[in-house]
Amino acid sequence: MEFPVRKSIRLENYDYSRRGAFFITICTKDKMCIFWDNNDKYKPITADVNGSSYENDTPNVGTANGRPQHTHKFHLSEFGVYVKECLNNIHCHYQMVFVDKYVIMPNHIHLILRIDSLSDLEASGRPMAVPTISTVINQFKGAVSRMAGFNVWQGRFHDRILRNEREYRGAWQYIENNPIQWENDEYFIKE
């Protein structure tokens, strides 16, 4: 039996380990809605008095980078907490890779992944290979699946190279607004 040849979704001749920022979307296998508690999958919950966005801590990626400004509250499921933990640990495994912003939706995540220069690390005498975004994302996906005890993710992920400040700000704003736009999202599944 011959399988169809998949078309590459990566930009041809682009070095995905070079310094830059990438807007990445990763979907769950079969679009399973497993990252928010069951009662949160289909509509936002009104925020508490403090306006916090997630029940057990707001995603903390840097200073105020990960703090959504919208006025809705979502409760992460056990699997959503695994995703949050693994996203926050990416920089621990790859010193030159940063997750600048992310959002965990019921059946997918969006993030801005930034690869920085190695100059500071190289100056300390530590030779390090720069990972590609595929390496980082595949290891992240594997870690979440190991914690969950089953394959959480679809086989591929979507990425877009953020080529300038305007594109970066646009991706940031998209992530910021994604939870309140959930019912209009292309990944929204109504049961």
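Side notes on the structure shown:
- Label separation (GLU176 vs ASN164): 2.0 nm, computed from points 7 Å beyond Cα along the C-beta direction.
- Each peptide in 153-159, 108-114 receives the mean, over its residues, of other Cβ atoms within 10 Å, and ordering these scores from highest gives 108-114, 153-159.
- Close amide-amide hydrogen proximity is noted between SER77 and TRP36, ASP37, each under 5 Å apart and 5 or more residues distant or on a separate chain (H modeled in the peptide plane; Pro and chain starts excluded).
Just so you know, all these numbers are worked out from the coordinates, no wet-lab data involved. Everything quoted here is computed from the prediction, not taken from an experiment. All Cβ positions, glycine included, derive from the backbone under ideal geometry; neighbour counts span all protein chains shown.
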